[in-house]
Amino acid sequence: MTNQRQITHCWAVSDGRAGMESQSLGLAEALCDRPEVKRLSLRAPWRWLPPQLWPRPLAALSPQGDDLSPPWPQVLIATGRRVIAPALAVRRAAQGRCFVVLMQHPRLNPARADLVIAPAHDGLSGPNVVTTLGSVNRLTQDKLDAAATAFLPRMATLPRPWTTVLIGGASKAYAMPADRMATLAQELAQAVRASGGSALITASRRTGPANKAILRDALKDLPGIFWDGQGDNPYFAFLALADALVVTCDSVNMLCEAAFTGKPVHLVDLPGGSEKFRRFHASLADRGVTRPFKGELQQWRYPPLDETARVAREVEARLRQVGPVG
């Protein structure tokens, strides 16, 4: 992306959790060549108290995390409720010299930030709110192409089609009991066997060892790769090389990253859910991204979902409106 404002100093702020950091950093990388990653940690007792009770948010930061101190960046992008108060404290301290972007629903008046980027399924609106279909991420086509090129030699003996399987796990909204994993594993084995191809599987920490073992056992006689967490993460390569994808419904990030490819995304339902997730899943289905996974693989196409680039253009437009920062 061409940085028309020549943004040279940008912070990507989060509490260090991968799902939070990937959103801040993804937007920061779309705006700035060398963004600075800030992973914040909180002192006791502030980490147990709601941010509105912090009298001095910057003083609540623990030295175990990164410091927020001058020189202030031109743009600060913060994701996650734990880092909102420090981000807004920087905005006040910088006195107009730092443009602060909050990712996700901040649970406060959006006017306190320069811009808020919130998923449409959160239902937030306002003059300085930009809504997205799902989440922002770090994917670019260049990254996927590079990952595919590097990993392709390991695929030489694997028959096509290649089905990438992204497995999440238990969360606040969803459960993944062993019986559901056993059924899913058998459906995956059936689908891959019928296709005559191979499975590229990656599971998250939330999947759990027992569920991973169920999945591995069901697919052990089929060609493919099951990433066990050792060595370089092939996640980007698995996305890039997929002919089709099977993705569990519990992760907004995983589904949006799968949708970036423009390839068929077969949605795996899990017990549980919420109204927000139902709205999100409906929006993907309406766009033609997903279809329910029913033990067979299909082919279809849709315009790739690239919300990061769209949001970056919006941030640049807002920056031009407010004039020079930094």
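No value in this document is a laboratory result; all are computed from the given coordinates. Everything quoted here is computed from the prediction, not taken from an experiment. Positions of Cβ are generated from backbone atoms using ideal geometry, with glycine treated the same way; all protein chains shown enter the neighbour counts.
Amide H to amide H distances under 5 Å link Phe99 with Val75, Leu76, where only residues 5 or more positions off or on other chains count and H is placed in the peptide plane.
Between the amide H of Tyr174 and those of Gly273, distances stay under 5 Å, these residues lying 5 or more places away or on another chain, with hydrogens modeled in the peptide plane. At 222 nm, what value in deg cm²/dmol follows for the chain if DSSP H runs of at least 4 each add -39500 (n - 2.57) and the sum is divided by all its residues, to the nearest 500? That calculation yields -10500 deg cm²/dmol at 222 nm. When you restrict to C-alpha pairs under 8 Å that are six or more residues apart and normalise by the size of the chain, the relative contact order lands at 17 percent. Ordering Cys256, Ala199, Gly288 by Cα displacement along the dipole of region 191-311 toward the positive end leaves Gly288 in first place; charges were set at the Cβ atoms of Lys, Arg (+1) and Asp, Glu (-1).
Annotation for region 170-190 versus region 212-273: alpha-carbon center distance of 13 Å. Computed packing ranks the peptides 51-58, 100-107 as 100-107, 51-58, most packed first, by mean other Cβ atoms within 10 Å.
Using the Cβ-Cβ distance between Ala18 and Ala194 with R0 set to 51 Å, the FRET efficiency from 1/(1 + (r/R0)^6) comes to roughly 0.90. Listed by chain and number, the lysines whose alpha-carbon sits under 26 Å from that of Lys276, ignoring those within fewer than 8 places in the same chain, are Lys172, Lys263, Lys294. The magnitude of the dipole of region 1-148, with charges of +1 and -1 set on the Cβ of Lys/Arg and Asp/Glu and taken from the Cα centre, is near 580 debye.
Kirkwood analysis of region 202-252, using all unique Cα-Cα pairs, places the hydrodynamic radius at 12.4 Å.
Give the calculated FRET efficiency between Tyr235 and Ser283 to the nearest 0.05, with a Förster radius of 35 Å applied to their Cβ-Cβ distance. It comes to 0.90. Lys and Arg at +1, Asp and Glu at -1: add these up for the other residues within a Cβ distance under 15 Å of Ser62 and post the number. Its environment carries a net charge of +3. Whole-Hz Karplus values for region 42-59 come out as 10, 6, 6, x, 5, 5, 9, 10, x, x, 5, 9, 8, x, 9, x, 5, 6 Hz, taken residue by residue from phi with 6.51 cos²θ - 1.76 cosθ + 1.60 and θ = phi - 60°; glycine and proline positions read x. In terms of overall dimensions, the C-alpha atoms belonging to region 159-287 reach 39, 31, 30 Å along their principal axes, ordered largest to smallest.
Label point of Asp179 set 7 angstrom out along Cα-Cβ; within region 262-280, amide nitrogens under 16 Å from it belong to 270-272. In this structure the amide hydrogen of Val37, modeled in the peptide plane, comes within under 5 Å of the amide hydrogens of Ala12, none closer than 5 places in sequence on its chain. Applying 1/(1 + (r/R0)^6) with R0 = 41 Å to the Cβ-Cβ distance of Arg206 and Thr149 gives a FRET efficiency near 0.85. The loop-placed chymotrypsin sites (Phe, Trp or Tyr not before Pro) in region 257-311, going by DSSP, that have at most 16 neighbouring Cβ atoms within 10 Å of their Cβ come out as Trp300. Phi angles of region 113-130 translate, via the Karplus equation with coefficients 6.51, -1.76, 1.60 and θ = phi - 60°, into HN-Hα couplings of 10, 6, 7, 10, 10, 10, x, 4, 6, 7, x, 8, 8, x, x, 10, 10, 10 Hz per residue; Gly and Pro are given as x.
Measuring from centroid to centroid over Cα atoms, what is the spacing of region 136-159 and region 66-83 in Å? The two parts, judged by their Cα centres, are 32 Å apart. Across all C-alpha atoms in the chain, the radius of gyration and Dmax reach 20.8, 62 Å. Structural size metrics of region 9-138, computed from C-alpha coordinates, are Rg and Dmax of 13.5, 37 Å.
Karplus-based coupling profile of region 17-31, in residue order and whole Hz: 5, 4, x, 6, 5, 4, 6, 4, 6, x, 5, 4, 5, 6, 9, with θ = phi - 60° in 6.51 cos²θ - 1.76 cosθ + 1.60 and x standing for Gly or Pro. Between Gln95 and Leu222, the contour length at 0.36 nm per residue exceeds the alpha carbon distance by 39.7 nm. Starting from the Cα gyration tensor of region 227-310, take the square roots of the eigenvalues, sort them a ≥ b ≥ c, and report rounded, prolate or oblate (rounded when a/c is under 1.5, otherwise prolate if a/b is larger than b/c, else oblate). Rounded. When peptides 220-228, 111-119 are sorted by average Cβ neighbour count within 10 Å, with the highest value leading, the order is 111-119, 220-228.
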